[in-house]
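> Just dropping this structure here.
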Amino acid sequence: MTAGVREEPREAVRPRTPRRLPLPTLLALLVGFAGVGYRLALLFADAPPTNSDEATMGLAALHIARGDGFPVWFYGQAYMGTLEAYLAAPLVALAGPSVLVLRVPTLALYALFLLLSWRLTRRLGGDRWYALLVVAVLALGADRVVKNQLIAGGGYPELNPAGTALALLTVGLCMTGAGARLPRWAAWGLVAGVLLWVDPLILPYVLTLGALLVARRWRELAGRAGVVLAGALLLGAAPMLVDSIRHGRNPVTAVLAAGGTGTPADWAERLHGALVLGPPLAMGFCSPGRCATWQLWWAVAFPVLLVLAAFTAWHTLRRTSGGQGSPERVKAGVRLALLGGAAGVLGAYAVSNAAGQTPIESSRYLSCLAVAVPALLWPLWQAARPLVAHPFAARRLTARRQLAEVAASDRPAERQFAEVAASEEGGYRHLPEVESIKAAGGRRARMAGVGALAVIAGVLGTGVAATVDVARTVPGVHAEADRHRSLVDTLGALDVRNVRGGYWTCNRLTYATGENVLCAVVDDDLTPGFDRLPAYRREVAADPDAAWVAPAGSPLAARLDERVGAESGTLDVVTVAGWRIYLPRR
């Protein structure tokens, strides 16, 4: 007799099908990586070009890293907080001062902006294909756009991700249950407070999104939520508030003064700068430093889209049934708040002197229009989507009908399969959609769809052309950065420790040398200029051997050339590629 072991039956193990990202999500991820990679390549090529304002933020980061000071404001003024300096300070401490370490945090902020914009688009009701479109538009990088996103010159790189985060938090606060909202109230208040300290340009979005919260959650705000929000807001704005109290400063006055000084611009100049040049520059449709006539078409399309998108959101808000927390009403309300914020940003810029005096450069004040892109392009997508979706919907419908017909037989199991295939959860759920597309496929709907597709193609095509224009300028920008590095090396070889130079020379030179060379600002007539750090002037004034530095061919160089000679008290000149160094003769 043999004893055997009976093998127990094993349950059939079904192989797990790996989850795959939907195609539009995968494409959005690839486009996002391409946008970040493009900007990373620009950083390694020294583009966009740096300047003394960015170097001023770098000096603040250097001082923070060394523990020499903890500035609240951008040096030389009582507005625009130094958040970028605090973000860069650990990298400056590790790697030393350079433009690249200043811009690593701004690149991370841009990547965060793309991610949050994709998420916001989905939360506001956009499908994955529309979210892909939004990411594609924001991934393009024209001249003014990449400058706003990458240059750590104060305020601009952090505005867009923070504004988008506020919109996402607003959606969540209007939809979630009361018990889960206190942390979100705290986050909303903290982000808003930090934004008010960093740069008040984002204030219109804070006001419109805040008004929406008050309208929908006023009962909650009257209790603990209001206390939490107020406390977090004060915490975020604490650097501004404490400094204002300690020094008796009024940051509002300083901000208003920054809107343009000197002779006031007339209204024609302001409106031209704000409404004609501003939107194309801010949205990335223009070439480096200028706007060609053909690139100004967005100046017409932008206000039309703004009004159309606002009307669509308002119509949805009024016609949708449900309570205050109805998802569709919340989405429409947030879209309307974003559009109101964009209109407020544009209006504030239009009344400033800067819009008329320096429209090309000051269009950076409109950088946060990008926060409203998910709401702004919504009517275009709604009009174009039936034309894009119809062939795919019809193809899916045909395949599912065939599947249902094959499954439909006398056998019970197959009859059940046919019923499932013909149910709402099966293939026929798109039948009403396709039929409605056919019903609405009249001449007017087709014309609107074709027009919307043309505008979308124009947005992408113009943005691509402007991005290519930026790429063409990179070799020249890189060559200029190399010349500046040669200047720094030459000053080190000459053992020069103190110099005088123009505003756009001084702080850039001081930061690049890690304060081994200090620079005092002079105007073209050799009189003292605007020093953001007055201590540098005192150091330079105490050095009898202080040199002069000027770009070759500049008015300052021409003035200093008059003092070159062989006698005592004149200047010797050392020529570096693109620069002239003047040394006092003894």
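Here is a yes/no grid of residues against (1) under 22 Å from ALA466 (Cα atoms); (2) surrounded by 20 or more Cβ atoms within 10 Å (Cβ to Cβ); (3) touching a residue at least 12 places away in the same chain (Cβ under 8 Å):
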{"site": "PRO280", "(1), (2), (3)": "yes, yes, yes"}
{"site": "VAL304", "(1), (2), (3)": "no, no, no"}
{"site": "ARG319", "(1), (2), (3)": "no, no, no"}
{"site": "PRO327", "(1), (2), (3)": "no, no, yes"}
{"site": "LEU339", "(1), (2), (3)": "no, yes, yes"}
{"site": "ALA342", "(1), (2), (3)": "no, yes, yes"}
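> A follow-up question, please. I need every pair where a residue in the stretch 486-503 that is over 17 Å from GLY514 (Cβ atoms) and touching a residue at least 24 places away in the same chain (Cβ under 8 Å) has its Cβ under 8 Å from the Cβ of a residue that is open to solvent by 50 Å² or more (accessible area, probe 1.4 Å) and aromatic (Phe, Trp, Tyr), sequence separation at least 6 or different chains.
Taking only residues 6 or more apart or on different chains, the pairs are TYR503/PHE530.
> Give the number of residues within the stretch 84-105 that are open to solvent by 40 Å² or more (accessible area, probe 1.4 Å) and among the aliphatic types (A, V, I, L, M).
8
> Just for the stretch 282-302: of the residues that are of a type outside the set (Lys, Arg) and open to solvent by 50 Å² or more (accessible area, probe 1.4 Å), which one is farthest from THR473 (Cα to Cα)? So that I can check it myself, show each step before the final result.
Step one: list which residues in the stretch 282-302 are of a type outside the set (Lys, Arg), which gives 282-289, 291-302.
Filter once more, so that each one left must be open to solvent by 50 Å² or more (accessible area, probe 1.4 Å): 293-294, 297, 300.
Values: THR293: 20, TRP294: 20, TRP297: 24, VAL300: 28 Å.
Here the residue is VAL300.
> Within the stretch 162-176, is there a residue that is farther than 28 Å from LEU380 by Cα and open to solvent by 20 Å² or more (accessible area, probe 1.4 Å)?
The answer is yes, given that some residue of the stretch 162-176 is farther than 28 Å from LEU380 by Cα and open to solvent by 20 Å² or more (accessible area, probe 1.4 Å).
> Keeping to the stretch 527-537, report how many residues are over 32 Å from the mean Cα position of the chain (by Cα) and open to solvent by less than 40 Å² (accessible area, probe 1.4 Å). Quick ask: steps written out before the conclusion?
Pass one, the stretch 527-537, residues over 32 Å from the mean Cα position of the chain (by Cα): 527-529, 534-537.
Cutting the leftovers down to open to solvent by less than 40 Å² (accessible area, probe 1.4 Å) gives us 529, 536.
Here the count works out to 2.
> Follow-up. Looking only at the stretch 503-518, how many residues end up being closer than 16 Å to LEU583 by Cα and under 32 Å from the mean Cα position of the chain (by Cα)?
Looking only at that region, the number is 0.
> Contact list please: Cβ distance under 8 Å, first residue in the stretch 460-473 and farther than 13 Å from GLY35 by Cα, second residue β-branched (Val, Ile, Thr), pairs at least six apart or on different chains.
These pairs meet every condition: LEU460/VAL137; VAL470/VAL146.
> For LEU166, indicate whether it is farther than 24 Å from MET57 by Cα and either assigned to a helix (DSSP H, G or I) or of a type outside the set (Asp, Glu) (or both). First the steps, then the outcome.
Details: farther than 24 Å from MET57 by Cα: yes; either assigned to a helix (DSSP H, G or I) or of a type outside the set (Asp, Glu) (or both): yes.
Criteria met by LEU166.
> If a residue must be under 28 Å from SER362 (Cα atoms) and part of a helix (DSSP H, G or I), how many such residues does the stretch 195-232 contain?
Restricting attention to the stretch 195-232, the residues satisfying the condition of being under 28 Å from SER362 (Cα atoms) are 195-210.
Now drop any that are not part of a helix (DSSP H, G or I), which leaves 195-198, 200-210.
Total satisfying the criteria: 15.
> Can you tell me how many residues within the stretch 106-147 are among the charged types (D, E, K, R) and either more than 25 Å from TYR365 (Cβ to Cβ) or part of a loop (DSSP other than H, G, I, E, B) (or both)? Reasoning before the result, please.
First pass over the stretch 106-147, keeping only residues among the charged types (D, E, K, R): 119, 122-123, 127-128, 143-144, 147.
From the residues that got through so far, the ones that are either more than 25 Å from TYR365 (Cβ to Cβ) or part of a loop (DSSP other than H, G, I, E, B) (or both) too are 119, 122-123, 127-128.
Residues flagged as among the charged types (D, E, K, R) and either more than 25 Å from TYR365 (Cβ to Cβ) or part of a loop (DSSP other than H, G, I, E, B) (or both) within the stretch 106-147 amount to 5.
> Within the stretch 454-478, which residues are surrounded by fewer than 17 Cβ atoms within 10 Å (Cβ to Cβ), hydrophobic (A, V, I, L, M, F, W, C) and farther than 15 Å from LYS147 by Cβ?
Across the stretch 454-478, the qualifying residues are ALA454, ALA457, LEU460, VAL464, VAL468.
> Another question, if that's okay. Could you please find all residues in the stretch 484-498 being surrounded by 15 or more Cβ atoms within 10 Å (Cβ to Cβ) and either outside any loop (DSSP other than H, G, I, E, B) or β-branched (Val, Ile, Thr) (or both)?
Step one: of the stretch 484-498, the residues surrounded by 15 or more Cβ atoms within 10 Å (Cβ to Cβ) are 484, 487-488, 490-491, 496-498.
Once the filter is applied, which keeps residues that are surrounded by 15 or more Cβ atoms within 10 Å (Cβ to Cβ) and either outside any loop (DSSP other than H, G, I, E, B) or β-branched (Val, Ile, Thr) (or both), the stretch 484-498 yields HIS484, LEU487, VAL488, THR490, LEU491, VAL496, ASN498.
> Can you name the condition, by its number, that VAL564 falls short on among (1) touching a strand residue (DSSP E or B) at 6+ places or on another chain (Cβ under 6 Å); (2) farther than 29 Å from SER98 by Cβ; (3) modelled with pLDDT of 95 or more?
Result: VAL564 passes all but (3).
> Evaluate the stretch 115-136: report whether one residue or more is crowded, with 23+ Cβ neighbours inside 10 Å and among the acidic types (Asp, Glu).
Looking for residues that are crowded, with 23+ Cβ neighbours inside 10 Å and among the acidic types (Asp, Glu), one finds none in the stretch 115-136, hence no.
> Test of understanding: among LEU201, LEU196, which residue is open to solvent by 30 Å² or more (accessible area, probe 1.4 Å), touching a Cys at 6+ places or on another chain (Cβ under 8 Å) and closer than 23 Å to LEU346 by Cβ?
Exactly one of LEU201, LEU196 is open to solvent by 30 Å² or more (accessible area, probe 1.4 Å), touching a Cys at 6+ places or on another chain (Cβ under 8 Å) and closer than 23 Å to LEU346 by Cβ, namely LEU201.
> Next up: List the pairs whose first member sits in the stretch 75-89 and is closer than 19 Å to ARG103 by Cα and of a type in the set (D, E, K, R), whose second member is modelled with pLDDT of 90 or more and part of a loop (DSSP other than H, G, I, E, B), and whose Cβ atoms are under 6 Å apart, counting only residues at least 6 apart or on separate chains?
These pairs meet every condition: GLU84/ALA152.
Listed here are the residues, each with its yes/no results for (1) farther than 18 Å from LEU491 by Cβ; (2) not acidic (Asp, Glu).
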position: LEU533; (1), (2): yes, yes
position: ALA541; (1), (2): yes, yes
position: ALA546; (1), (2): no, yes
position: SER554; (1), (2): no, yes
position: ALA557; (1), (2): no, yes
position: GLU562; (1), (2): yes, no
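The values are calculated or read from the model by the stated rules, or taken from the named source; none is laboratory data. Please read all numbers here as calculations on a predicted model, not as lab measurements. Please note: Cβ atoms are built from the backbone with ideal geometry, for glycine as well, and neighbour counts cover all protein chains shown. Areas reflect the complete protein model, heavy atoms only, side chains present, ligands, DNA and RNA absent. Shrake-Rupley method; radii C 1.70, N 1.55, O 1.52, S 1.80 Å.
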